[in-house]
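The values are calculated or read from the model by the stated rules, or taken from the named source; none is laboratory data. Here the structure is a predicted model, which is why all the values come from computation and not from measurement. We place every Cβ from the backbone using ideal geometry, glycine too, and count neighbours over all the protein chains shown. We work out accessible area using only protein heavy atoms, side chains counted, and drop any ligands, DNA or RNA first. Shrake-Rupley method; radii C 1.70, N 1.55, O 1.52, S 1.80 Å.
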Amino acid sequence: MAKVVVVYHSGYGHTQQVAQHVAEGAGAQLLAIDAEGNLPAGAWDLLNSADAIIFGSPTYMGSPSWQFKKFADASSKVWFTRGWQDKVFGGFTNSASLNGDKQVSLIYLQTLASQHGGLWVSLGLLPSNAKNASREDINNLGGSVGLLVQSPSDASVDEIPQGDLDTAKAYGQRVAGIAAKLRG
């Protein structure tokens, strides 16, 4: 079994809820970036020892949160030594709007993984885009690069559409499965 870590920032708890579902699917350990953009003690060692890292951030103003970006900038020390070379990576983002420029955030996460020499895992699911589709369906938002989630701005963390949470769990399973295959 591959060792997977989900490293994420959550401003209001919605992205944390998604991270928990991704981690459940992957059998992963959660690693929260705090409100100041910092990781807890021992976090870098945990990330360095992982077979796969899944990034998660809300999309604020068309890109990941500044707290996630602070973590990304701090990862340049690992980048310099190629410490995450050939690790498996995935990513997810969440915003209040159905689109909300989430794709920009996913591309940011994918670029970060690529800068580290990582292997990016796509969502790997067909979109649910027929007339009879609902927000309860898997991949209702039609993601491909990674996981897209919508949390309406007036919704509690318990009101994230179930289809998005089910997609989160499936994505975690996919990343962990690919990491396990590559691990051999």
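Points to keep in mind about this one:
- In the stretch 67-95, the residues that are on the phi < 0 side of the Ramachandran plot and either out of contact with any strand residue (DSSP E or B) (no Cβ under 9 Å at 6 or more places or on another chain) or loosely packed, with under 15 Cβ neighbours inside 10 Å (or both): Asp73, Ala74, Ser75, Ser76, Lys77, Val78, Trp79, Phe80, Thr81, Gly83, Gln85
- Residues being hydrophobic (A, V, I, L, M, F, W, C) and either closer than 17 Å to Gly27 by Cα or assigned to a strand (DSSP E or B) (or both) - total across the stretch 147-173: 6
- Selection from the stretch 154-164 of residues that are crowded, with 19+ Cβ neighbours inside 10 Å and either within 13 Å of the chain's Cα centre (by Cα) or in contact (Cβ under 8 Å) with a residue 60 or more places away in the chain (or both): Ile160, Asp164
- Criterion applied to Val104, Val145 was being open to solvent by less than 50 Å² (accessible area, probe 1.4 Å) and at pLDDT 95 or above, and the one residue passing it is Val145.
- Candidate set from the stretch 36-49 (those that are open to solvent by less than 70 Å² (accessible area, probe 1.4 Å) and of a type in the set (Gly, Ala, Ser)); member that is farthest from Val4 (Cα to Cα): Gly37
- Residue in the stretch 75-97 that is within 21 Å of Gly177 (Cβ to Cβ), at pLDDT 95 or above and small (Gly, Ala, Ser) present: yes
- Residue count, the stretch 107-139 (criterion: open to solvent by 30 Å² or more (accessible area, probe 1.4 Å) and either part of a helix (DSSP H, G or I) or in contact (Cβ under 8 Å) with a residue 40 or more places away in the chain (or both)): 9
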